[in-house]
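Written below as structure tokens is the structure these notes are about.
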Amino acid sequence: MKNLSDVLTEEEKATLKLRTLYQGYGYSQFNMNKFEEYDLYVRNKDFLASDNVITFTDTNGKLMALKPDVTLSIIKNSKDTDDSLQKLYYIENIYRVSKETHTYKEILQTGLECIGKIDCYHMSEVIMLACKSLQSISSSYLLDISHMGMITVLIEELNLSSHEKKLILKYIGERNLDGIKKACDAHSGNEAICKVLITVLSSYGPMDTVIPVLTELCINGTMKLYIKELEEIFEILKENHLKNIQLDFSIVNGMNYYSGIVFQGFISGIPSAFLSGGRYDKLMQKMGKDSGAIGFAVYLDLIQHLSPPPKAYDVDALLLYDENSDPKQLTKAVQEWNGTGQSIQVQPTVPKGLKYKKLLQIKDGRLEIVDSDD
């Protein structure tokens, strides 16, 4: 019997690993239709990676869309509960404009969502599963964590207009410290708070070295609570012996949707974030839900950037035949060879570029090895 890992694609292998990981922590699979009412995406277009959505008119006259996102559908179908949490994962194809080809593409995406009364444990569990998701793909990974609450506290202290807030957020995402300083100077804002913001953004690194710096910079009780939250999460992550986790406050997902912890995961060899997530209580509220929520998505289509180890052979054996060959003998030979767990391809001639381990032919009713790399 051929090893299962030899016949699966890299995406399929990753999907199997992630499914096993999430089910191991009690997450149930969420399945959705390919279509949703377009109105769901119009009302939350700022949450989407792109506002380009493929639409069509259903037979009942409703404007429908091929799903560009799964989280919105999960929230739409979730129920508020006081005494338990909904723990869901998904493996779905979504339909978006590709960043590489700039054309619509069917993209395989997996992820998980934890919905309900989110506490420190469940925030840590989701972050831990994000880290383990990266580990399952490559040992060369990095998980960057930020806190939108911390950034929001500092921005609010600057007393900026909505336009200036957007500009500052843009600079924060670019880690443009000069731009932040110039924007603060132009506004004649609080110079001390501006310095704190710049120092926070400059304090990129492991949680155990950055958290003490944040403690020294703390400006009020709200910021102190956020620092304590980061400390508690860090302690739980340490208990799980997780590595390659950094604090990076330049990660700023939409302030209209994300309200706390946000994070991005990277894998060496992949040019953009492979994983992205965070706590999105504000999105829940916007969609009429009282529950909190935290989750992440894994962009499995990016695995194509990781070069799989080259295969020594395309097929274990190549069986040649001619016009005089008996089809029954060919069938019997293929069955015998497959019975040993090895792959075999039948051809009248050797295909150009095909790599095979053994070259076979039937002669006088018997299977013979003409050539072998053994």
(request) Give me the accessible area per residue for the chain, probe 1.4 Å, as a whole number in Å². (result) 52 Å²
(request) Please give the FRET efficiency for residue 45 paired with residue 121, using the beta carbon to beta carbon distance and R0 = 25 Å, rounded to the nearest 0.05. (result) 0.15
(request) Within the stretch 11-79, list the trypsin sites (Lys or Arg not before Pro) lying in a DSSP loop whose Cβ has at most 16 other Cβ atoms in a 10 Å radius. (result) 34, 43, 62, 79
(request) Determine, from the Cβ-Cβ distance of residue 352 and residue 304 and an R0 of 25 Å, the FRET efficiency 1/(1 + (r/R0)^6), rounded to the nearest 0.05. (result) 0.50
(request) Using a/c under 1.5 as the rounded threshold, could you call the stretch 179-221 rounded, prolate or oblate? The axes a ≥ b ≥ c are square roots of the C-alpha gyration tensor eigenvalues, and prolate needs a/b larger than b/c, oblate otherwise. (result) oblate
(request) With all distinct Cα pairs included, what does the Kirkwood hydrodynamic radius of the chain come out to in Å, to one decimal, could you say? (result) 24.1 Å
(request) Could you look at the chain and say what percent of its accessible area is carbon and sulfur, using a 1.4 Å probe and all protein chains? (result) 48 percent
(message) Pairing rule first: another cysteine's C-beta must sit under 4.7 Å. Under that rule, which cysteines of the chain stay single?
(response) 114, 120, 131, 218
(message) Classify the stretch 18-110 from the C-alpha gyration tensor, please: rounded if a/c falls under 1.5, else prolate or oblate depending on whether a/b exceeds b/c.
(response) oblate
(message) List residues of the stretch 26-42, by number, whose backbone nitrogen lies under 16 Å from a label position 7 Å along Cα→C-beta of residue 84.
(response) 26-30
(request) Per DSSP H run of n ≥ 4, the term is -39500 (n - 2.57); total these for the chain, divide by its residue number, and report the mean residue ellipticity at 222 nm rounded to 500 deg cm²/dmol. (result) -11500 deg cm²/dmol
(request) Return the FRET efficiency for the residue pair residue 208, residue 166: r is the Cβ-Cβ distance, R0 is 30 Å, and the value is rounded to the nearest 0.05. (result) 0.35
(request) Could you work out the longest stretch of the chain that avoids the chymotrypsin sites (Phe, Trp or Tyr not before Pro) located in DSSP loops with at most 16 other Cβ atoms within 10 Å? (result) 26-203
(request) Provide the net charge surrounding residue 246, with neighbours chosen by a C-beta distance below 11 Å and charges set as Lys +1, Arg +1, Asp -1, Glu -1. (result) -2
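The values are calculated or read from the model by the stated rules, or taken from the named source; none is laboratory data. Model, not experiment: these values are computed from the prediction. FYI the Cβ positions are ideal-geometry reconstructions off the backbone, even for glycines, and counts take in every protein chain you see. Heads up: the accessible areas ignore ligands, DNA and RNA and are worked out on the full protein's heavy atoms, side chains in. Shrake-Rupley method; radii C 1.70, N 1.55, O 1.52, S 1.80 Å.
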